[in-house]
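The structure appears right after this line, and notes come after that.
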Amino acid sequence: MKILIVGAGRAGLEVAIQLSRIGHALTVVDTDTAVIRRAAEQFGLVVIAGDATTAEVLDDAAIGQMDIVVAMLRRDADNLAVSLLARAAGVERVMVRMRDNAYRSVYARAGIDRVLSETDLITGAITTAIEHDAIRHAMLIGDGAAIAFELTIPAGSAGAGQTVMELAARPDFPRSAVFAALYREGGGVEAPRGSSVVDAGTTVLLVTQREDVSRAIMALTGIPAER
């Protein structure tokens, strides 16, 4: 896909580099000529130096030919301007990095529904890690009522050695919990099926309602009951 990244700060440039590595055609726009030069010389990205809140600069970046535009500038007002110009140029997929939650309703009224909030991501990760020591990575889903999190199954735990179907059928496993992926030791990512065995050392990606996180963790990592 043809992707335009507006804003080559640390996050914006890293996103552009990663997308370029997996085969997408990247163009980066920023006012910092030193950063733009580095993006071109070190990473081979197509670059435009200029203020992306102006239609002329975006035209130079061939915005009308882009499949996706991602606005990652430092101010939400600038990201909003880029988003509206992208929409006017006919770009259907527009994403923004939101800095200030006060802009959430503004983006929504402008028809920009792909809003990525660093505050939401950090809040979800830190609060979940504080509340649940077994969790290493987490993010809030939707309005924060649900959480997606990774959990590694310890040896000798209640969840080790059971299938996804068996785990989901247990009375102590919350009904809201869904297995989204399995990561095997030394292997790749696996889409879980009912017959997939969750061995010790496997990392599971679960999505569950916030109030059910503790129950899901205990069901998978707790000591099995004696028979």
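The values are calculated or read from the model by the stated rules, or taken from the named source; none is laboratory data. Nothing here was measured: the structure is a model prediction, and the numbers come from that model. Note that we place each Cβ from the backbone using ideal geometry, even for glycine, and neighbour counts take in every protein chain shown. Heads up: the accessible areas ignore ligands, DNA and RNA and are worked out on the full protein's heavy atoms, side chains in. Shrake-Rupley method; radii C 1.70, N 1.55, O 1.52, S 1.80 Å.
Could you work out how far helix 76-88 tilts from the main Cα principal axis of the chain, as a 0 to 90 degree angle to the nearest 10? Rounded to the nearest ten degrees, it is 80.
When each of the peptides 5-15, 186-196, 125-135 is scored by the mean number of other C-beta atoms lying within 10 Å of its residues, the order from highest to lowest reads 5-15, 125-135, 186-196. D100 exposes around 70 Å² of accessible area when a 1.4 Å probe is run over every protein chain in place.
Looking at segment 1-56, the accessible area is 52 square angstrom per residue; that uses a 1.4 Å probe and ignores ligands, DNA and RNA.
Angle of helix 118-131 to the longest C-alpha principal axis of the chain, folded into 0 to 90 degrees and rounded to 10: 20°. Relative to the dominant Cα principal axis of the chain, helix 10-21 is inclined by about 80°. Taking every protein chain into account, the accessible area of segment 170-227 amounts to 59 square angstrom per residue (probe 1.4 Å). Ligands, DNA and RNA left out, the 1.4 Å accessible surface of the chain is 54% carbon and sulfur atoms.
When both segment 1-58 and segment 75-116 are represented by their alpha-carbon centers, they are found 18 Å apart. Between A11 and D199, the modelled label-to-label distance comes to 3.8 nm, taking each label 7 Å out from Cα in the direction of the beta carbon. Beyond 27 Å, what percent of the Cα pairs of segment 1-160 remain? Percentage above 27 Å: 34. Taken per residue, the accessible surface of segment 63-123 reaches 53 Å², heavy atoms only and a 1.4 Å probe.
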